[in-house]
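Structure first, then comments.
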Amino acid sequence: MPRYVTAKMRQAVAERARGYCEYCACPDCFSPQPFAIDHILPRIKGGRSVLENLALICQGCNNHKYDKVEGLDPDLNVMAPLYHPRLQVWSEHFAWSNDFQTMIGLTSTGRSTIATLKLNRDRVVNLRRVLRITGDHPPAD
Ligand SMILES: [Zn+2]
């Protein structure tokens with residue numbers, strides 16, 4: 001098992017995600033900073049550098065996620081596990097607002113992930129608004 005993410009693994013993760021952040025759904029090609037590789041279960045908590053534990057993540061989401069695996073569901077005021085891109089289906093936990101600018105949490109996991117990673121932060125919403133006009137948002141299923 002590699003102790004770090006190899007270039008080949010990084011490429012496989014990016015291709016699997018089709019270049020989109022697996023949390024906020026923004027495309028890497030419109031980001032001023034290259035995307036990172038997220039250890040969904042952080043290495044400090046025993047997560048391994050294997051494809052099943054890796055996700056493509058933008059710098060903003062990565063900064064907010066850090067080593068977290070759970071967050072507060074603001075509706076129920078309980079802690080809930082963060083969304084796991086490898087084990088869970090996006091559409092079971094999230095939906096788009098009618099204008100596709102805001103993510104809506106359908107479950108405790110969805111709401112806690114939106115709140116913890118700040119998936120509706122102003123800059124992301126602004127980017128979604130522009131990408132909607134150009135036809136680059138939301139990502140195709
Ligand atoms: Zn993101």
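Here, each number is a calculation from the coordinates, and none is a lab measurement. This one's a predicted model, so the numbers in the text were calculated from it and none came from an experiment. Note: ideal-geometry Cβ built from the backbone for every residue, glycine included; neighbour counts use all protein chains shown.
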Fewest-first sequence of Ile40, Ile104, Ile114, Ile133 by Cβ atoms within 10 Å of each Cβ: Ile133, Ile104, Ile40, Ile114
Cut-off 10 Å between beta-carbons: net charge of the residues surrounding Arg86, Lys and Arg +1, Asp and Glu -1: -1
Order of His137, His84 - criterion: other Cβ atoms within 10 Å of each residue's Cβ, fewest first: His84, His137
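May I ask you to work out the translational diffusion coefficient for the chain at 20 °C, viscosity 1.002 mPa s, via Stokes-Einstein with Rh from the Kirkwood sum over Cα pairs, reported in whole µm²/s? Walk me through the numbers before you get to the answer.
Values: Rh = 15.3 Å.
Taking Rh from Cα pairs, D becomes 140 µm²/s.
Kindly provide the helix-only [θ] at 222 nm of the chain, computed as the sum of -39,500 (n - 2.57) over DSSP H runs of four or more divided by all residues, to the nearest 500 deg cm²/dmol?
Taking each H run of at least 4 residues, the total per residue is -8500 deg cm²/dmol.
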Between the stretch 49-109 and the stretch 20-43, the Cα center-to-center distance that results, in Å: 12 Å
Simple spin-label estimate for Arg121 and Lys45 in nanometres, 7 Å along Cα-Cβ: 1.9 nm
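Remind me, relative contact order of the stretch 1-52 in percent, using alpha carbon pairs under 8 angstrom and six or more residues apart?
Result for the stretch 1-52 is 41 percent.
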Loop sites in the stretch 12-52: trypsin sites (Lys or Arg not before Pro), DSSP, at most 15 other Cβ within 10 Å: Arg18, Arg48
